[in-house]
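Trainee: Please find one structure pasted underneath; my questions will follow.
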Amino acid sequence: MWIGVILATIASILWAIGPLLYKTGATESALDDLFSIAVAAMLSAIPLAALGLRLTPEAWLYGAAFSLFGPVLGTYVYLLSLRYAEVGLANLISYSYIVMVPLLAAPFEGFSTQYIVASVLSMIGLSAIMRARRGSARGLALAFLSAVFYAISFLALGAASSATDPWSFTFVRAVVLLLAVGMWEAARRHKPRISPRIFVAGILSYGIGGPLFILSTYYIGVAVPTILTAISPAVTQAITYLKLGERLDLISGLGFALILAGVVLASV
């Protein structure tokens with residue numbers, strides 16, 4: 001029990017550090033920043049080959065779907081959002097995918113009052129933040145769009161759980177991410193610039209945090225680790241307050257609390 005809790009908590013903290021590095025290490029191009037993450041993810045995934053990967057058609061299908069909607073589109077849009085909104089709030093809004101996933105899955109699994117309440121809380125919180133203007137409307141909208149992409153990707157992740165093992169899935173995710181971003185850069189005939197800070201963030205988030213979270217679910221299931229990772233936006237807000245001086249006024253602070261409450265409620 002405690003091993004799983006410790007692993008999930010470490011993953012949450014690592015994911016909370018990433019946004020600060022994404023902000024302070026940003027280059028002129030969000031696509032270049034995504035390329036830095038892709039390289040870090042691929043280098044971190046190579047050792048997984050020693051575990052005996054089973055790269056079945058299902059692993060490629062679900063891994064590619066997850067990677068394209070989540071790490072590729074979701075992360076790219078999220079990196080853009082950080083250019084227009086404060087890190088803590090943009091990060092929190094992007095975590096609203098935890099609320100969206102059960103809503104998207106509702107046609108297949110049925111509706112839940114719990115998820116409806118969680119969604120209402122999150123939407124009220126989002127409205128409060130936008131009214132308080134803690135960042136431009138563009139930045140907040142991009143963060144929300146990032147959450148939508150990640151919510152779609154998590155549907156692929158859920159389908160993959162019964163079709164492939166987590167290590168093969170993680171490896172395919174890294175391969176598709178690097179190929180997709182590399183082809184994107186090649187299409188615009190641009191030589192990508194590696195950002196050292198964002199590369200480190202990629203190692204922490206994709207290379208260490210992801211596998212630790214997956215491993216934690218083998219000890220204590222999915223519910224408890226998901227609840228623990230919901231604290232990540234709060235930790236990010238604390239970090240950005242200390243490092244970037246990002247402060248919440250009363251209205252945006254209330255909005256932050258409502259969104260966090262919705263995220264936690266949807267995770268239970």
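The values are calculated or read from the model by the stated rules, or taken from the named source; none is laboratory data. Computed from a predicted model, the values in this text were never measured in an experiment. In this analysis, Cβ positions are derived from the backbone assuming ideal geometry, glycine residues included, and neighbour counts consider all displayed protein chains. Quick note on the areas: whole protein, heavy atoms, side chains included, nothing else; ligands and nucleic acids left out. Shrake-Rupley method; radii C 1.70, N 1.55, O 1.52, S 1.80 Å.
Trainee: Please give the solvent-accessible surface of Phe171 in Å², to the nearest 10, using a probe radius of 1.4 Å with every protein chain present.
Mentor: Using a 1.4 Å probe on the heavy atoms, I get roughly 40 Å².
Trainee: Would you kindly give the portion of the calculated P(r) for segment 1-61 that falls above 13 Å, as a percent of all Cα pairs?
Mentor: For segment 1-61, the share of Cα pairs beyond 13 Å comes to 76 percent.
Trainee: Could you order Ile37, Ile152 so the one with the most accessible surface comes first? Probe is 1.4 Å.
Mentor: These residues rank, largest area first, as Ile152, Ile37.
Trainee: May I ask which residue of Leu248, Phe149, His190 lies farthest towards the positive end of the charge dipole of the chain, with charges of +1 (Lys, Arg) and -1 (Asp, Glu) on Cβ and the Cα centre as origin?
Mentor: With unit charges placed on the Cβ atoms, the residue in question is His190.
Trainee: Taking a virtual spin label 7 Å from the Cα of Ser29 along the C-beta vector, which residues in segment 169-196 bring their backbone nitrogen under 18 Å of it?
Mentor: 177-196
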